[in-house]
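Notes follow the structure.
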There are 2 protein chains.
Amino acid sequence: MFETEPALSKSERTRARISEAATASFIERGYADTTMRMIAETAGVSVGNAYYYFPSKNHLVQDLYERVQREHALAVRPLLDAERALVDRLRAVFETGLSTLAPYERSAPGFLAAMIAPDSPINPLSADSAPAREITVGLFREAVDGAQHRLPSDIAERLPDALFVVYLALVLRWTYDESAHHAGTARMLDAGLRLLSVALPFVRVPGVHATARELLTLVAEVRS
Amino acid sequence: MFETEPALSKSERTRARISEAATASFIERGYADTTMRMIAETAGVSVGNAYYYFPSKNHLVQDLYERVQREHALAVRPLLDAERALVDRLRAVFETGLSTLAPYERSAPGFLAAMIAPDSPINPLSADSAPAREITVGLFREAVDGAQHRLPSDIAERLPDALFVVYLALVLRWTYDESAHHAGTARMLDAGLRLLSVALPFVRVPGVHATARELLTLVAEVRS
């Protein structure tokens, strides 16, 4: 056992080095201009070795998605521990999500072009992206389930998956945002959450309830 | 005068032939695999002549956008003449817009990848796309201005530009829709319009009014 552990740890360190080299290149050169060869060189491993850990550049993107979402989860934790109101908890998930994306501001348009096609394996709504997506959906679920709210249970159940699609729309808007510190996106999120706050109690009105459930179900089902 | 008219008309016919050849190729081969050379060949003109009429492939895309939006305007006309209720008029603009896109169903994902980057000249929110965009925004403006509604004027003013951004989001969802006859998108639009119907009267409530105006302004300002 003692003999194999350092070997495993070396393997983990190599994997992490490749992963870091990929992220650095995605940030500096962008998605399209990053190659497995460059990543291997920066990480100081052979190209074959890089492919052993990550069968394609897109596997490295998925690895990045998961890492970013684990950071998102860490960033939102203290806020979810402190806030009880539903809209404040949702605000916490949205805002920390956008903050976590800050290092990718310049590379975002290139990623967007590569991920937007419905058949792209790095589309956040694709089957391949399920592990990263489940982290984010899990944060929205925690925000909803741990909140003091009076939402009907069928609405509360559907919210997290629908909010993930809304989150992607917000990230799309963020990618287009040229205002300093993405102030335009922040103000849009804020105004949207204030309207949600006013609208939420009406979800219990019978006619509204059924239509809201239908709309949430349809939004939650959007997949690439 | 009589001598020049046939010449102008020949020029117009050549332009239309190039334009039709481009559309046929965009539909068959997709955006990425279409070249000016192919278009010129199909249209029976020299490559130089094709470039004389359309300085780049992207000019042909803008030409297509404008043509599709003029078709959209023609398709919605009888409905705007018949419907008076705001939500019914908006429904007419959204639904005829999606119908007009039907021939581009298969080529839509490729177009999406080419147009989504904020700096793409064929981004529907770009300066280059203003002529086509203004047709669509004009339809939403006509739907709002010709409706029997009791919206505050500052809300009514901001609606058309904001609705254009909502329309693009709907077209994005349509591009992802694999259900037969895009039934998923149609149901989402329908549920969204029914909720809008319920929500609209509340726009006159003072706290809601200011926040709704703010959100509409922020959405309307989104540009690439």
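The values are calculated or read from the model by the stated rules, or taken from the named source; none is laboratory data. In this text the structure is predicted, and so the values were computed from the model without any measurement. Here Cβ is always computed from backbone atoms with ideal geometry, including for glycine, and neighbour counts include all displayed protein chains. Areas reflect the complete protein model, heavy atoms only, side chains present, ligands, DNA and RNA absent. Shrake-Rupley method; radii C 1.70, N 1.55, O 1.52, S 1.80 Å.
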When you look at A:Arg133, is it surrounded by 20 or more Cβ atoms within 10 Å (Cβ to Cβ), part of a helix (DSSP H, G or I) and in contact with a Phe, Trp or Tyr (Cβ under 8 Å, 6 or more places away or on another chain), yes or no?
yes
From the list A:Ala114, A:Ala127, pick out the single residue that is modelled with pLDDT of 95 or more and either closer than 22 Å to A:Val93 by Cβ or out of contact with any helix residue (DSSP H, G or I) (no Cβ under 9 Å at 6 or more places or on another chain) (or both).
A:Ala127
Residue check, B:Val166 in a helix (DSSP H, G or I), assigned by TED's automatic domain parsing to the domain that holds B:Val137 and open to solvent by less than 50 Å² (accessible area, probe 1.4 Å)
no
Unmet criterion (only one of (1) more than 23 Å from B:Glu134 (Cβ to Cβ); (2) surrounded by fewer than 17 Cβ atoms within 10 Å (Cβ to Cβ); (3) touching a helix residue (DSSP H, G or I) at 6+ places or on another chain (Cβ under 8 Å)) for B:Ser99:
(1)
Being of a type outside the set (Val, Ile, Thr), open to solvent by less than 60 Å² (accessible area, probe 1.4 Å) and under 18 Å from B:Arg106 (Cα atoms) is the filter here, so list the residues in region B:14-38 that pass it.
B:Ala21, B:Ala22, B:Ala24, B:Ser25, B:Phe26, B:Gly30, B:Tyr31
Picking from B:Val198, B:Val222, which residue would you name as being facing chain A (nearest Cβ under 8 Å) and either over 22 Å from A:Asp190 (Cα atoms) or surrounded by fewer than 19 Cβ atoms within 10 Å (Cβ to Cβ) (or both)?
B:Val198
Pull out all pairs, ordered by first then second residue, where Cβ-Cβ is under 8 Å, the residues are six or more apart or on different chains, the first lies in region B:84-100 and is without any contact (Cβ under 8 Å) to a residue 60 or more places away in the chain, and the second is open to solvent by 60 Å² or more (accessible area, probe 1.4 Å) and not charged (D, E, K, R).
B:Arg89/B:Leu79; B:Ala92/B:Leu79; B:Thr96/B:Leu79
Note on region B:139-148: residues out of contact with any Lys or Arg (no Cβ under 7 Å at 6 or more places or on another chain) and either free of Cβ contacts under 8 Å to residues at least 24 places away in the same chain or farther than 27 Å from B:Leu101 by Cβ (or both) are B:Arg141, B:Asp145
Taking the condition buried (at least 20 other Cβ atoms within 10 Å of the Cβ), facing chain B (nearest Cβ under 9 Å) and either aliphatic (A, V, I, L, M) or touching a residue at least 40 places away in the same chain (Cβ under 8 Å) (or both), does A:Ala212 pass?
yes
Among the residues of region B:159-176, count how many are more than 10 Å from chain A (Cβ to nearest Cβ) and among the hydroxyl-bearing types (Ser, Thr, Tyr).
1
In region A:50-83, which residues are free of Cβ contacts under 8 Å to residues at least 40 places away in the same chain and among the aliphatic types (A, V, I, L, M)?
A:Ala50, A:Leu74, A:Ala75, A:Leu79, A:Ala82
Among the listed residues A:Asp145, A:Asp154, A:Asp128, identify the single one that is open to solvent by 40 Å² or more (accessible area, probe 1.4 Å) and more than 21 Å from A:Ser224 (Cβ to Cβ).
A:Asp145
Just name the residue that is farthest from A:Ser153 (Cα to Cα) out of those in region A:177-187 that are facing chain B (nearest Cβ under 10 Å) and open to solvent by less than 30 Å² (accessible area, probe 1.4 Å).
A:Asp177
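Please state which one of A:Ser107, A:Ser126, A:Ser99, A:Ser120 is within 15 Å of the chain's Cα centre (by Cα), under 30 Å from A:Met36 (Cα atoms), within 14 Å of another protein chain (Cβ to nearest Cβ) and among the hydroxyl-bearing types (Ser, Thr, Tyr).
Values: A:Ser107 fails: within 15 Å of the chain's Cα centre (by Cα); A:Ser99 fails: within 14 Å of another protein chain (Cβ to nearest Cβ); A:Ser120 fails: within 15 Å of the chain's Cα centre (by Cα).
Only one candidate qualifies: A:Ser126.
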Where the second residue is hydroxyl-bearing (Ser, Thr, Tyr) and open to solvent by less than 40 Å² (accessible area, probe 1.4 Å) and the first is in the same structural domain as A:Leu170 (by TED's automatic domain parsing) and lies in region A:186-207, which pairs have Cβ atoms under 8 Å and are six or more apart or on separate chains?
A:Ala191/B:Thr211; A:Arg194/B:Thr211; A:Leu195/B:Thr211; A:Val198/B:Thr211
How many residues are open to solvent by 80 Å² or more (accessible area, probe 1.4 Å) and within 10 Å of B:Leu139 (Cβ to Cβ) if we restrict to region B:71-87?
1
